[in-house]
Amino acid sequence: KRTQINLFDGRNFLYEKTCKVNDSALINLEKNYIEKILPLKNEAKIIIVGGKHTGKEGKIKTINKKLKTAEVDVGNEVYNILIKQLTVIE
C-alpha cells in the first residue's frame, strides 16, 4: 500500500500517503525521506523554475488541465505558465 515516487533528479521514494503527478515533495536530505507533499492547486504559492520568468514567485489563480498551464499571479502581473515549469513552495 505504498506508492513509488520518482523525482526529476533520478531519486525514488516509497511513500505511504497519496501523491499526484505535478505535486511537489518536501524532502529531508539528512535523513533521506519525504516530509510533506505540497499539492499543485489553486492559491498554492509557487516559484517558476523554467522559461523567461524563472525565479519569480507568485500564486496560482487557475489551472487549465487541458492545456497543462496555470495562470500565475506575480505581484501586479499575471502569466500563463506551463505546469511543468512550476514548483510549489507552500
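Just so it is clear, none of the values below were taken in a lab; they were calculated from the coordinates. Treat the numbers as computed from the prediction; the structure is a model and nothing was measured. As a convention, Cβ positions derive from the backbone with ideal geometry for all residues, glycine included, and neighbour counts pool all protein chains shown.
Can you work out ³J(HN,Hα) from phi for every residue in segment 83-90, in order, using Karplus 6.51 cos²θ - 1.76 cosθ + 1.60 and θ = phi - 60°, giving whole Hz and x for Gly and Pro?
Here the 3J(HN,Hα) series is 4, 5, 9, 10, 10, 6, 10, 3 Hz.
Largest first and in whole Å, what are the equivalent-ellipsoid semi-axes of the chain based on the Cα gyration tensor, each being the root of 5 times an eigenvalue?
Three semi-axes, in Å: 25, 14, 11.
Return the long-range amide H neighbours of residue 40 (sequence gap of 5 or more, or a different chain), with a cut-off of under 5 Å between placed amide H atoms.
23, 24
If one computes the Cα centroid of segment 1-35 and of segment 62-90, what distance in Å separates the two points?
Going from one Cα centre to the other spans 22 Å.
Quote to one decimal, in nm, the extra length available between residue 57 and residue 30 on full extension: 0.36 nm per residue of separation minus the C-alpha distance between them.
Full-extension gain reported as 7.1 nm.
Step through the residues of segment 42-47 one at a time and calculate ³J(HN,Hα) from phi using the Karplus curve (6.51 cos²θ - 1.76 cosθ + 1.60, θ = phi - 60°), rounding each to whole Hz and writing x for Gly and Pro.
So the Karplus estimates, Gly and Pro as x, are 4, 6, 6, 7, 9, 10 Hz.
Which residue, chosen from 72, 18, 60, occupies the Cα position most advanced towards the positive end of the dipole of the chain, where the dipole is computed from +1 (Lys, Arg) and -1 (Asp, Glu) charges on Cβ about the Cα centre?
18
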